[in-house]
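The values are calculated or read from the model by the stated rules, or taken from the named source; none is laboratory data. Predicted model, so just to flag it, every value in this text is computed and none were measured. All Cβ positions, even for glycine, are placed from backbone atoms using ideal geometry, and neighbour counts span all protein chains on display.
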Amino acid sequence: MADAPVQSTATIELTVPETLEGALDPEWLGAALAPYSGGAAVQDVQFTELVQAMAAKARIAVTFASEPDRQHHFCVKGFLDTDIDRRSAGAVTTREALFYSRIAPHTSMRVPACPAVVTDASGQAIMIMEDVIANGGRFCDTHNPFTVQQVQDTLEQVARLHAASHLLRDNPWIPRGLGWMAESRNFPQDWIHAQMHDGRGAGLPEATLDGANLLAALRVMARLSADGEQALLHGDTHIANVYTTADGPGFADWQLLKAANWAIDVAYHINCVLPVEVAEQRERELLAFYLDALGRHGGRPVDNDTAWEDYCRATPYGLYLWAITTRVDPAKTRENFRRLGAAVTRCDAYRRLGVLA
């Protein structure tokens, strides 16, 4: 499997558009992509597709005046035409933009190329990335779970990221720990409890679906993460953030980049991409594969017993993220929640964290 190429991202200071129309304006795109094009004017912009989730992703084809017979395919990502408070969302886009400009060039993990990020004085940011799909890639889907071999390939990428945790020293802007999740006023306990009982938790034990248990578990995880060694994490390793290319898989969507216990990425990923019965049968084998890959890429893996305990105690993280999810296809939300809830139950995570006796 080929290593990811070293990437370069230019940071441009321009007004960040609030609408899709503004982001597709040829004059604005020309200024944003000037380092990429050598200052050539944008001659034509063709809109391909809009994927609207937390942030909008607009797939476009751009023709520059200097190359009138060639299209360049990009994905413009930002909060466009949204009902989300852009002031509160600004930190999310800025964090992802900083990842592409300051972290991605220094890891061997495969991520989308990002020729330009645009920032402005309001604290907003917008990214102009390669269009993975137009370049022959494919984003993965909840309804098509991975094979064990595919999980080994993606865990290899996760290990490459974690092995670059030394980058945390010079990047204090990366959020540390999980305290924001455990203490967030945006997602109160009663609301989370109701979310977990809206049908997405069908078939799971009531103790797993208790909002108080989940938040108590996160508070313990936050303390453990703050006290222990922290790794550089993707933070949102679910299946739809993985794409495949001829060279192998990569990870997109870096809005939840953070520093915390390594097992958060690994437990979330394994249990979100595999059918429940396969995860149950093969998770220890996959955990051993990850630890070996981490060592091969220069990281410092913990021993097997510690790794298993960390893995089991990390499972509530993914369950929390899919408990608060509201803007994804409900069928996919239910399936992801079911897989992650099964992991919390199987691993006896609440007891291991001291939430249940």
Residue within segment 293-305 that is part of a helix (DSSP H, G or I) and crowded, with 16+ Cβ neighbours inside 10 Å present: yes
Filter pass, N241 being under 21 Å from R138 (Cα atoms) and either modelled with pLDDT under 95 or within 14 Å of the chain's Cα centre (by Cα) (or both): yes
Some residue of segment 261-283 being out of contact with any strand residue (DSSP E or B) (no Cβ under 8 Å at 6 or more places or on another chain), farther than 15 Å from Q150 by Cβ and at pLDDT below 95: no
Residues (in a helix (DSSP H, G or I) and more than 18 Å from T15 (Cβ to Cβ)) located in segment 27-73: Y36, S37
Residue in segment 271-286 that is within 24 Å of A53 (Cα to Cα), small (G, A, S) and assigned to a helix (DSSP H, G or I) present: no
Scope segment 132-155; condition surrounded by 22 or more Cβ atoms within 10 Å (Cβ to Cβ) and in contact with a strand residue (DSSP E or B) (Cβ under 8 Å, 6 or more places away or on another chain); matching residues: T154
Flag for D303 being out of contact with any strand residue (DSSP E or B) (no Cβ under 7 Å at 6 or more places or on another chain), free of Cβ contacts under 8 Å to residues at least 24 places away in the same chain and in the same structural domain as A342 (by TED's automatic domain parsing): yes
Residues that are surrounded by fewer than 23 Cβ atoms within 10 Å (Cβ to Cβ), touching a residue at least 12 places away in the same chain (Cβ under 8 Å) and within 19 Å of L161 (Cα to Cα), drawn from segment 259-292: A259, L286, L287, A288, F289, L291
